[in-house]
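Down below is the structure, laid out as C-alpha cells.
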Amino acid sequence: MPPSNRNSMSGSAAPAAMLAILIVIMVVATVYVFLANPFPSRPPAAITSVGLLVDHQYFLTLCVTGVVFILSQLGLAYAIWRFRDRGQTAHFTRGSNTLEMIWTTATIVLFLGLGLMGRKAWAEVRFTPPESNAVQVEVTTNQFVFNFRYPGPDGKFGKLDPAQVSSSTGNPLGLDSKDPDGKDDIVVPTLTVPVDRQVELLIRSQDVIHNFYVRELRLQQDAVPGMVIPIHFTANQTGRYEIVCTQLCGLGHYRMRSFLDVVSEPDYQNFLKQQAATQ
Amino acid sequence: MSSHAHTGHAVVVEPSGFIRKYIFSIDHKVIGIQYFLLALTAVCVGIVLSLLMRFHLVYPGAHLPFVSGGIMTPEQYMALVTMHGTIMVFFVLTTAPQGGFGNYFLPIQIGAPDMAFPRLNMLSFWVTFLAFVAILAAFVVPGGAPISGWTGYTPLSGMGEVTGPGEGMGQTLWIVSISLFCLASLLGALNFIATTIDLRAPGMTLFRMPLTVWGWFVTAILGLLAFGILLAGGVLLLLDRSAGTSFFLPAGLVVNDQLQPHSGGSPLLWQHLFWFFGHPEVYIAILPGMGVASHVLSTFARKPVYGYRAMAMAICAIGFLGFMVWGHHMFLSGMSPYSGFAFSVLTMSIGVPSAIKTFNWIGTLWGGKIQFKSPMLFALGFVSLFVSGGLSGLFLAQPAVDNMLHATYYVVAHFHLVMGVAAIFGIFAATYFWFPKMFGRMMSEPLAKIHFWVTFAGTYCIFMPMHFVGLAGGLRRYADATGTTYASALQPIHMFMTYAAFITAAAQLVFLFNFFWSLKHGAVAGKNPWNATTLEWITDSPPPIDNFGGHYPSVYRGPYEFSVPGYRQDFIPQNLTPEEAARLK
Amino acid sequence: MPGSTVADEIELIGTGKGGGGSSSGNDGNSGGGGDEWKGSSGSARVPQRAYVTGMTIALGGVLMFFMALVSAYIVRKDMPNSAWVPFNIPRILWLNTAILIASSFTLARSRSRFLANDDAGFRHWWGVTTILGIFFLIGQVIAWRQLAAAGVFLATNAASSFFYVFTAAHGLHLLGGVLALVYVAFRPTHRLTKGTATEVVSMYWHFMDGLWVFLFLLLLLGR
C-alpha cells in the first residue's frame, strides 16, 4: 500500500504541531529581543546627524523586513499546521499568474523603494564634499596601530616618504625630513576633534588594508594602501569613543584600536597648543 | 534482441575490477557518491574548526593540549577562520549539492544513461580531490595555514610571510588549491550544461524539467562564467607573491619598517576579481538547494509546485542578477560611492526573485496534504531558514546601513543562515530523499527526526542571537573580543551560541550514524518509496549501470503531476504514455 | 496481498514495457537526429552535437578567464598616478599574428577538404596548420627572448607584467590546440566521429586565433 495513505493522518499532527510551534517560538523570541533589548543588542546612540539618518533608514528597514519576516514565518507555520495530512485530498492547482504579478510588483516596489530611500544617508557623507573650513586630520593605519596627523600651526601637511618610515626612532609615518612643512605636524595615537565642527579624515594605510570605525558615528571606511580616502563627519556630543579596525589585517587585528575624543572648542585649541609645543 | 530503439542490449558496459568500479570510475553515479563523501569529510573538518573557534571565543586562555604552545594564539585562530570558510564554501557547499547530487541525479532525471562527457567527469572529481589535499596540506607546512580569511584580501595575502604567520607556504597552498578547484569546476560545469542541453529524453522540454535540474543547470552556467575569473585572480596573486609582479600591490608599502619593492598595483583589483566570482559563488551554493526544496515540498505536499514557470524563471533571474551585485561586498572598500549606490539598487532587486520563490513555496504547501517525512522536514526548515537569512541581506544591501553592520557579526549571522544552514538543509533534504534510490535502503526515520529537531532548533539558537552581537558592535574575525569594553558585554551571548554549537554538532553524529548504519541495515527500498513522479523513481534502487536497464524513458508531462483530479492515485509519473495514465482514472 | 494495487500496476507500467516513446517520436527531443542511445556504431552513444555544445561552452569559460585579465589590464592602465611605462612590442609579433591568421585559413581549407571526402587534401592542410601553429609558438618565445635581451621581464613594470601574462596564457592554450591537432591527425577517435573531432578542434583554433588578434590589438593600442 502506498505509504502516503498509511498512518499519515494521525502521524502528522505531532510533527506539524512541533514544527509550527518551534517557528512561532523563534519569531516571538526574535521580536521580543528587538523590542525589549533584554541583552545588549543595539548600537549606542549616534553622535552625528548623519548617524541619525542611518538609524532612521535602519529602523525603516527593520519595520519592513520585520513585517515580511513575521508574516512569512507565521504563514509557513500556519500552512504546516492547517494542511497537514488528515486524509484529505490535496487541492490541485498549478498556480496563479495574477498572484505572481501582484506579489512580484509589491516586492519590487517595497525593496527598491526601501533602497532608494536610503540614498540620503549615504549621499550626505559620500557624495557631498567636506566644507572648506573642516578640520583635517590624516589617519594612518598599519599593523596594528592607528596614528593621527594634524597639519600643525602652518595648516599644511608635510610630505611623507615611505623609505623614511621608522617606528623605532619615532617616525612611524615617514615624515620627510627634507620638507619644512612637516616640521610642525602633530602625530598622536588618539584622535581629538572639536564638537560641532566638521572633521575631514584622510584615511590611508602603510601596509595592508585596515579600517577606521566608530560605532557612534555610524561611519566606517577601509584604509587601502596606495589610496587616500576622505570621509567627513560632525560630532554633536563630547565624549570618548572607541575606534576599532574592522578589516582583517593580520594576527593583531583584534587588538588594533584607538580612541576618538570629542571635546569642546576651547579644549581642542588647548590640545593643539600643547601638541605644538612638544613637537 | 532487436538492435534499434530503446530496448535491446545495454550500451553502457559494466566495468570490472575494484579500481575501475569504485576509484577511477566514469559512472556519474559513482562520481556523485565520491563527491558526496569528499564533502562529508570536508564538513566534518569544517565543523571541528568552527567548534575550536567557538570554544576559543569564550575561553581564550584555555589550555588546549593539541595546540603547540598550549594556548591558542591569535594567528592560530585566524588560520581556523580562514580554513573553516574556505573548506566549507568550496569543498562542502559547492561540492555536495552540485558535484554530489547533481552528478548523480541530473542524467537520471532527464532520462540519460550518463553525463555527456564521463571521462571529463572523472577528471573533475580527481582534480577536486587534489585541491582538497592541497588545502589540508596548508595545515602542516611551516608557518601553518593562512590567516587572510577565505577572501584572501591583498596586500595581506600578497607579500608572503612578512605580513604574518601562515602567509608563506600556507597561503601559496591556498591559492594552488583554489586554482585547482576552479579548473575542476569549469570542467564540471561544462559537463552539466552540455548534458542538460543535448541529452534530455524525448518529450522533456525545458519546462518539463524538474526544478532540481533547473537548479543544477543554472548553477553550472554560473560556475562556467565565474570560476574563470577567480582562476585569473589566483594566477595574478601567485605571480605577485613569487615572481615580483605588482598586480595587487601598490608602491610605498612598509611592513615592519621595511619598504616593499612593489609598485603600481591595486588592492581593490583583487577584491573586484574575487567578488565578481564570489557573489555568483554563493548563489551556486544555494540554487541547487532551492531546486531540491521545491521538488521535495511538492512531493510531500502531494501538490504541483505552485508557479512552476515562475520558479524556473526566478532561478534564472537569481543567476543573472547574481553577476551584477558583487560590489555590495565593497561599499566601504574605497570603491566609488556612486558605483556603491548602483550595486545597492541591483542587490535590492535580487531580493525580488528570492521573495517570489518563498511565496511560491508557501503556495505549494497551501491546500496540500503534508506528510512529515524526513526529507520534507528539512525542506520546510530550508524555507524558514532562507527567509530569516535572506531578510537580513536587505539591511546589508544598503550602503548607509552597511556603515554600521559591515564586518560585524551581523554579516556572519546573515551568511551562515543562508549558506551555513539553509543550503546545508538543502543537502540534508536531498540526502534523506535520495538515499533510498542511491543505496537501495531506507534511512531510519526516528533517527532522522532526532537529527532534524535538534539541528533546526540548534542552528536558530546559534545564529539568531548572532545578529544582535553584530548590532551591538561585535566584530568578526576577532580572535579575542574582550579587549574592547563594549564587546566584553557580549560574551554571555557568545557563551550561549557556543553551547548551541556544540549541541548541534553532536546531533550531526546521529546523521552520520544513520547514514552509514542504513547502508547495511536499513529497510530494503523499492523503486519509488515516496510515490514521486520524476524519472529517477521508475528505475531500480540503486539504478543499473546505464540508469534504465536499456529501457530509456520518454516524457509526456510535467514533473509535478500530483493529486490531479479524476485519477485514482495521487501522482502520475512523467514517463507514462497518455494511454497508460488513462488507466489510472 | 489481495490482488495488485494501483501502485503495483504503475510499477509495471512505469518501468517494464519498452520505455515509452516510438523511435520516431522526436518532438521536443533534443537528443539529436535519431542517434540517441542506439549504439549502432558500437560506441557512439552520446549525440555528436553534444561535443560541439561542449566546445562552445568550454570556450565561454576560457573567454571569461581572459576577460578577467583584460579588464584588469584596462583598469590598471587607466588608473591615475599609475606610472604606466609602455614599451615597444617586439616586431616579430606582427609576423606571428600573420602566421596565426594564415593557420585559420589553412584549417578552414582542411575542413572543407574533409567534408569533400578528400582525405589527402584534408591531411595536407591539417599538417600545414599544425606547423604554422608551432611556428607561432616559436615566434612568441623569440619575442620573449628579445624582450629579455632589452631588459624587459615579467616583473619589470605593470605593462610588461600584463604582456607576459597575456602571451603566456594564450600560448599555453594554443599549445593545447597544437596537441589536439596532432592527436586528431594520428589517433583514431572512439566516441567522436572524425567529423566531430575536426569540427570542435577547428572551433577551438579559430577562437584562439580571434582571441590573439584581440589581445594583440589591445597591447598595440594600449601603449
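Each value in this text was obtained by applying a stated rule to the coordinates, not by laboratory testing. Just so we're clear, the structure is a prediction, and the values are computed from it rather than from any experiment. Virtual Cβ from ideal backbone geometry, glycine too; neighbours counted across all protein chains shown.
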Exercise. Over segment A:54-149, what is the mean sequence separation of C-alpha contacts under 8 Å (at least six apart), divided by residue count, expressed as relative contact order in percent?
Worked result: 28
Problem set entry | ³J(HN,Hα) computed for each position of segment C:157-165 - Karplus, 6.51 cos²θ - 1.76 cosθ + 1.60, integer Hz, glycine/proline x | 7, 4, 4, 5, 4, 5, 4, 5, 5
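Suppose R0 equals 51 Å; then what is the FRET efficiency for A:THR278 and B:PHE129 from their Cβ-Cβ distance, rounded to the nearest 0.05?
0.25
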Seminar exercise, completed: Residues B:ARG557, B:ARG54 in order from fewest to most other beta-carbon atoms within 10 Å are B:ARG557, B:ARG54
Problem set entry | Percentage relative contact order, chain B, counting C-alpha pairs under 8 Å, at least six apart | 16
Exercise. Principal axis lengths of the protein assembly as shown from Cα atoms, whole Å, largest first?
Worked result: 103, 78, 58
Problem set entry | Calculated SAXS-style log₁₀ I(q)/I(0) at q = 0.14, 0.25, 0.27 Å⁻¹ - segment B:502-583, Debye, Cα scatterers | -0.66, -1.18, -1.28
Exercise. What net charge is computed for the residues neighbouring B:ASP27, neighbours being all others with C-beta under 13 Å from the C-beta of B:ASP27, Lys and Arg scored +1, Asp and Glu -1?
Worked result: +1
Exercise. Which links in B:LYS369/B:LYS520; B:LYS21/B:LYS437; B:LYS357/B:LYS585; B:LYS449/B:LYS527 stretch past 28 Å when you go from one Cα to the other?
Worked result: B:LYS369/B:LYS520; B:LYS357/B:LYS585
Exercise. For chain A, what is the Kirkwood estimate of the hydrodynamic radius, computed as the reciprocal of the mean inverse distance between distinct Cα atoms, to one decimal in Å?
Worked result: 23.3
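Note down the relative contact order for segment B:298-387 as a percent, whole number, built from C-alpha pairs under 8 angstrom at least six residues apart. Don't skip to the end; give the middle numbers.
Details: 70 pairs, mean separation 41.8, N = 90.
Relative contact order of segment B:298-387: 46 percent.
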For this session: List every residue whose amide H lies under 5 Å from the amide H of A:GLN198, counting only residues 5 or more places away in sequence or on a different chain, with H placed 1.01 Å from N in the peptide plane.
Result: A:VAL135
Exercise. With r defined as the distance between the Cβ atoms of A:THR93 and A:ALA17 and R0 fixed at 25 Å, what FRET efficiency is calculated, to the nearest 0.05?
Worked result: 0.45
Exercise. What ranking, highest mean first, results for peptides B:280-293, B:156-169 when packing means the other Cβ atoms within 10 Å averaged over each residue?
Worked result: B:280-293, B:156-169
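Based on the Cβ-Cβ distance of B:SER16 and B:TYR59, what FRET efficiency does E = 1/(1 + (r/R0)^6) give at R0 = 35 Å, to the nearest 0.05?
Details: r = 55 Å, r/R0 = 1.56.
Once rounded, the FRET efficiency stands at 0.05.
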Exercise. In degrees between 0 and 90, to the nearest 10, how far off the longest principal axis of chain B does helix B:445-471 point, with axes built from Cα atoms?
Worked result: 30
Problem set entry | q = 0.12, 0.14, 0.19 Å⁻¹, segment A:51-206: log10 I(q)/I(0) [Debye, one scatterer per Cα] | -0.75, -0.87, -1.19
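Over the protein assembly as shown, what is the percentage of antiparallel beta bridges among all DSSP beta bridges, to the nearest 5? Working shown, then result.
Numbers: 35 of 47 bridges.
Around 75 percent of the beta bridges assigned by DSSP in the protein assembly as shown are antiparallel ones.
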Problem set entry | For segment C:111-223, the spread of Cα positions along each principal axis, largest first, Å | 51, 23, 22
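For segment A:149-279, give the magnitude of the charge dipole about the Cα centre (Cβ charges: +1 Lys/Arg, -1 Asp/Glu; no others), in debye to the nearest 20.
Working: 13 positive and 16 negative charges, 51 e Å.
Roughly 240 debye for segment A:149-279.
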Problem set entry | Selected from A:TYR213, A:GLY75, A:ILE108, residue furthest toward positive end of dipole (chain A; charges at beta carbon) | A:GLY75
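So between B:PHE323 and B:ASP540, what do we pick up on full extension, going 0.36 nm a residue minus the alpha carbon distance? Walk me through the numbers before you get to the answer.
Details: separation 217, 0.36 × 217 = 78.12 nm, distance 3.99 nm.
Full extension of this stretch gives 74.1 nm more.
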Problem set entry | Three-way shape label, segment A:40-79, alpha-carbon gyration tensor, a/c 1.5 | oblate
Problem set entry | C:ASP78 versus B:ARG119: modelled label distance in nm, points set 7 Å from Cα along the beta carbon direction | 4.5
Exercise. Hey, what number do you get for chain B at 222 nm if only DSSP H runs of n ≥ 4 count, each worth -39500 (n - 2.57), divided across all residues, to the nearest 500?
Worked result: -19500 deg cm²/dmol
Seminar exercise, completed: Per the C-alpha gyration tensor (a ≥ b ≥ c, the square roots of its eigenvalues), segment B:447-585 is rounded if a/c is under 1.5, else prolate if a/b beats b/c, else oblate; here it's prolate
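Ranking A:ASP154, A:ASP222, A:ASP181, B:ASP198 by Cβ neighbours within 10 Å, fewest first, what do you get?
Result, fewest neighbours first: A:ASP154, A:ASP181, B:ASP198, A:ASP222.
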Seminar exercise, completed: Quarter of the surface of the C-alpha convex hull for segment B:420-462, i.e. direction-averaged projected area in nm², equals 3.0
Seminar exercise, completed: Under 5 Å from the placed amide H of B:PHE571, counting only residues 5+ away or on other chains, we find B:SER563
Exercise. Two-decimal Rg/Rh of segment B:149-277 from alpha-carbon positions, Kirkwood Rh?
Worked result: 1.17
Seminar exercise, completed: Pseudo-spin-label distance C:LEU63 to A:LEU202, built 7 Å along Cα→Cβ, given in nm, is 4.5
For this session: Among B:THR128, B:MET169, B:HIS279, flag the residue with its Cα farthest along the positive direction of the charge dipole of the protein assembly as shown, charges on Cβ as +1 for Lys/Arg and -1 for Asp/Glu.
Result: B:THR128
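Under the √(5λ) rule applied to the eigenvalues of the Cα gyration tensor, what semi-axes describe the equivalent ellipsoid of segment B:202-310? Give them in Å, descending. Don't skip to the answer; put the middle values down first.
Working: eigenvalues 431, 35, 16 Å².
Its equivalent ellipsoid spans semi-axes of 46, 13, 9 Å.
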For this session: Name the residues whose placed amide hydrogens come within less than 5 Å of the amide hydrogen of A:SER205, ignoring near sequence neighbours (fewer than 5 apart) on the same chain.
Result: A:THR141, A:VAL224, A:GLY226, A:MET227
Seminar exercise, completed: Residue-ordered couplings for segment B:262-273, obtained by feeding phi - 60° into the Karplus form 6.51 cos²θ - 1.76 cosθ + 1.60 and rounding to whole Hz (Gly and Pro as x), are 9, 6, x, x, 10, x, 5, 4, 4, 4, 4, 4
Problem set entry | C:THR198, B:THR484 arranged by Cβ crowding within 10 Å, fewest neighbours leading | B:THR484, C:THR198
For this session: Provide the net charge surrounding B:LEU332, with neighbours chosen by a C-beta distance below 9 Å and charges set as Lys +1, Arg +1, Asp -1, Glu -1.
Result: -2
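Quick one: grab the alpha carbon gyration tensor of chain B, order the square roots of its eigenvalues as a ≥ b ≥ c, and give me rounded if a/c is under 1.5, else prolate or oblate depending on whether a/b is larger than b/c. List each step's numbers first, then the result.
On the way: a/c = 1.76, a/b = 1.60, b/c = 1.10.
Because a/c hits 1.5 or more and a/b exceeds b/c, chain B counts as prolate.
Provide the convex hull volume over Cα atoms per residue for segment A:11-133, in Å³. The partial results should precede the final answer.
Details: hull volume 15.4 nm³, N = 123.
Expressed per residue, the convex hull around the Cα atoms of segment A:11-133 is 125 Å³.
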For this session: Run the quick spin-label model on A:VAL28 and B:CYS316: label points 7 Å from Cα toward the beta carbon, then report their separation in nm to one decimal.
Result: 4.5
